[in-house]
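In what follows, a structure is listed as structure tokens, so that the remarks can point back to it.
All of the numbers you see were taken from the coordinates with simple rules; none came from a lab. A quick note: this is a predicted structure, and the numbers were derived from the prediction, not measured.
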Amino acid sequence: MRHVTVRNETRNTGLARAEWRGSTLGRAIGLLGRAGLAPGDGIVIWPCSSVHMFFMRFPLDVVYVDKERRVVKAVQGLKPWRVSFGGKGAHAAIELPVGAIAASGTQPGDQLTFDDRADTTVEA
């Protein structure tokens, strides 16, 4: 499985070492069946303009980005059994542990990068 390091270049902070979910099956499964996300973990769902939390066991932070990886919306603490829409321009969603958005200072307009080099690490 492909992993990427997601960084907020605007704030010079790390968001996650995330699994890349680009296939139809990978996007459909998402985090279903998991008990949680460890700090520093996440998944990138590409393409994706909305997230549903049906059958989820834990809340998430969700960052929506456009095709250029600029943040268009940041949702903190999305609870199970809720739906979230990224809004105009949303092309992908990054699902993160609760607190990741606050810890990184991420907000709409920030520029993110996805790096798939094996030697990268996440430091918030």
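Observations on the model:
- The tail of the calculated P(r) for the chain beyond 20 Å holds 33 percent of all Cα-Cα pairs.
- Choice from GLY14, GLY87, GLY42 with maximal GNM fluctuation in the chain (Cα, 10 Å cutoff): GLY87
- Shape analysis of segment 1-41 places it in the oblate category; the axes a ≥ b ≥ c from the Cα gyration tensor give an a/c of at least 1.5, with a/b not above b/c.
- For the residues ILE45, ILE29, ILE94, a GNM of the chain with alpha-carbon springs under 10 Å puts the largest fluctuation on ILE29.
- Here the scattering of segment 7-78 is modelled by Debye summation over its C-alpha atoms, one equal scatterer each and no solvent; at q = 0.24 Å⁻¹ the log10 of I(q)/I(0) is -1.41.
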